[in-house]
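Here the structure is laid out as structure tokens; the discussion comes afterwards.
No value in this document is a laboratory result; all are computed from the given coordinates. Treat the numbers as computed from the prediction; the structure is a model and nothing was measured. Positions of Cβ are backbone-derived with ideal geometry, glycine not excepted, and every protein chain shown enters the neighbour counts.
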Amino acid sequence: MSVITNRPKGTQDVLPSEVYKWQTVERCAAETAECFGFKEMRFPTFENTALFKRSVGDTTDVVQKEMYSVAAKSPANGKDPDDFTLRPEGTAGAARAAIENGLLKEALPQKVYYMISCFRHEKPQAGRLREFHQFGAEMYGSADASADAEVISLAKSLLDRLGLENVELFINSIGCPKCRAEYHKALKEYFSERKDELCPTCLERLERNPMRILDCKSPICQGIAKGAPVILDFLCEECSAHFEKLKTLLDDMGIKFSVDPKIVRGLDYYTKTVFEFITNDIGAQGTVCGGGRYDGLIEQLGGDPLPALGFAMGLERIIMTMENAGVEFVPARKCDLYIASMGEAAQRKAAVLTNILRAEGFYVEADTMGRGIKPQMKYANKIGATFTIVLGDNELEAGKAKLKNMETGEQVDISLGDSFIDEFSNNLIAEMFKAEEG
Ligand code: HAM
């Protein structure tokens, strides 16, 4: 069968048979974040384009090449039409929302997390989509390296709880604007000597923001960048001490890491600490988590100066890594009971019993297709119902029916009267115990 149009390139459908994997990760992420005192925040899928230009930076790949921007229809008053962009990431929107809603005036630190879809017009490949999903966490208010350690520890805890062992942590410090000025000078000198080989975008970056050349995706620029000076050699005393403290704290917590002076991240707002968690198990797009400190961003977006930091994990990449590692997801809930019925009176009774049990939180199904008993039982089998009941005139008259255990075939009597819920729940509990022991 063909639909009128297929899903856009670089997007994914998550079918009911697969959604339990997403739920496993999302629930675990929310629970872990809450253990660290992070509260969920929700904010719009699109923002004014200016927000991303100002925060992510207008010399980054994300802003220069990957944004999905849309102009709303021109308003009647003749003003320029609004210019919106689908969020390519969450930090900017979260910071905007925190400033706009006065969150940063409340007790500090403020800690938020989010589960969002993001949009980047990249070349799709395994682990790289145009619509992807992030679990992100942001912490506002602390300049101390202990906050960096806490944020990294949150990411690490989540990866551990998801059973991901083969993910390595790499950290770096990219300093503050003070040390960055010296570094930029050194980079400019280095890249100017090979100016002729740089791609046109990087040529422009050479003047405006030479650090961005370091994460250009062009293989030629990447090759040249390999020999470039590294920021760690240019850190000022304060940034150096901050980085040393972070390393000590990570050591204290037993969190293994390597220092990779080449990590600069692809977004402009970072200062001091930057980090990535990388796996070799899912191909070229192995960065499952990226983050760092962004002490200048809140002020840049119009808030009072306030240090901040955070990270985001790509949920598609996390799920791919879990699948490849063969770790277990929490399975989808199984149907507790299927009530099959023959005839109209039995169908009405089935609907009543189904309703009663559902109100108590049981997962119960009954026929809504007007099918005969045989296809009803086939369906019950297909959905993996733990128990079934068949209702017909005899059962209605007797006020009781057979409760059948679908795995063992064992049948017991069950009253259809007042004790129905208790009798069913006792049987289900007994079955759950048996399954746990087995
Ligand atoms: P990012 O490194 O651009 O950082 O993205 C974070 C993570 O999102 C990546 O490590 C990757 O797992 C996933 N990701 C990025 N692009 C794609 C894509 N096209 N397809 C699939 N997954 C992708 C940020 O977005 C920052 N806002 C993180 C942050 C939060 N820094 C501080 N706070």
Query raised in the report: What is the ratio of the Cα radius of gyration of the chain to 2.2 N^0.38 Å, where N is its residue count, to two decimals?
Result: 1.27
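Once you have the Cα-Cα distance between I4 and Q125, take 0.36 nm times their residue separation minus that, and quote the gain in nm to one decimal. If you can, show how the numbers build up before the last one.
On the way: separation 121, 0.36 × 121 = 43.56 nm, distance 2.46 nm.
Residue separation times 0.36 nm, minus the Cα-Cα distance, leaves 41.1 nm.
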Query raised in the report: Expressed as a whole percent, how much of the Cα-Cα distance distribution for the range 286-438 exceeds 19 Å?
Result: 64
Query - Cα gyration tensor category, rounded, prolate or oblate, for the range 337-425 with a/c compared to 1.5 - result: rounded
Query raised in the report: Antiparallel as a % of all DSSP beta bridges within the range 337-425, to the nearest 5?
Result: 50
Query - Selected from L396, G283, M369, residue furthest toward positive end of dipole (the chain; charges at beta carbon) - result: G283
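Antiparallel as a % of all DSSP beta bridges within the chain, to the nearest 5?
Values: 50 of 62 bridges.
The antiparallel proportion sits near 80 percent.
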Query - Given charges at Cβ of Lys, Arg, Asp, Glu: the range 227-340 dipole, positive-most of L249, F329, A312 - result: F329
Report summary line: With label points set 7 Å from each Cα along the Cα-to-Cβ direction at R42 and N166, the distance between them in nm comes to 3.7
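Can you give the Rg to Rh ratio for the range 197-284, taking only C-alpha atoms and Rh from Kirkwood?
Numbers: Rg = 15.2 Å, Rh = 15.0 Å.
My calculation of the ratio gives 1.01.
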Report task. Could you work out how far apart the two model spin labels at K217 and A71 are, taking each label as a point 7 Å from the Cα in the direction of the beta carbon, and quote it in nm? Result -> 2.6
Query raised in the report: For the residues R87, R27, what sequence is obtained by ranking on other C-beta atoms within 10 Å, fewest first?
Result: R27, R87
Query raised in the report: When all C-alpha to C-alpha distances in the range 222-336 are sorted into bins of 5 Å, what percent of pairs does each bin hold, rounded to whole numbers?
Result: 2, 9, 14, 18, 18, 15, 11, 6, 4, 2, 1, 1, 0
Query - In nm, spacing of pseudo-spin labels at C199 and K262 (7 Å Cα→C-beta vector) - result: 1.7
Requested in this report: Mind running the shape call on the range 272-368? Use the C-alpha gyration tensor, a ≥ b ≥ c as the square roots of the eigenvalues: rounded below 1.5 for a/c, prolate if a/b tops b/c, oblate otherwise.
Outcome: oblate
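Rounded to the nearest 500, what is the 222 nm mean residue ellipticity of the chain from helices alone, with -39500 (n - 2.57) per DSSP H run of 4+ residues and division by all residues? Don't skip to the end; give the middle numbers.
Working: 15 runs with 169 residues, N = 438.
That calculation yields -12000 deg cm²/dmol at 222 nm.
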Query raised in the report: For the range 337-425, with only Lys/Arg (+1) and Asp/Glu (-1) charged at the beta-carbon, what is the dipole magnitude about the Cα centre, in debye rounded to 20?
Result: 440
Requested in this report: Calculate the dipole size of the chain relative to its Cα centre from +1 charges on Lys and Arg beta carbons and -1 charges on Asp and Glu beta carbons; express the result in debye to the nearest 20.
Outcome: 1340
Query raised in the report: What length, rounded to one decimal in nm, is gained on full extension from K105 through to S419, with 0.36 nm per residue of separation minus their alpha-carbon distance?
Result: 107.4 nm
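As an exercise, use a Förster radius of 22 Å and the Cβ-Cβ distance of Q411 and E437 to find the FRET efficiency, rounded to the nearest 0.05.
On the way: r = 21 Å, r/R0 = 0.97.
According to the calculation, E is roughly 0.55.
Tell me the volume per residue, in Å³, of the convex hull enclosing the alpha carbons of the range 228-274. Each step should come with its number before you reach the end.
Values: hull volume 4.2 nm³, N = 47.
It is 89 Å³ per residue.
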**Report entry** Cβ-derived FRET efficiency at R0 41 Å, A398 paired with S17, nearest 0.05
**Finding:** 0.60
Report summary line: Everything considered on the Cα gyration tensor (a ≥ b ≥ c; rounded for a/c under 1.5, else prolate if a/b is larger than b/c, else oblate), the range 161-239 must be described as oblate
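Considering every pair of different Cα atoms, what Kirkwood radius, in Å, is found for the range 48-143?
Details: mean 1/r = 0.0664 Å⁻¹.
Taking every pair of different Cα atoms in the range 48-143, averaging 1/r and inverting gives 15.1 Å.
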Report task. State the Cα centre-to-centre distance between the range 237-280 and the range 371-422 in whole Å. Result -> 60
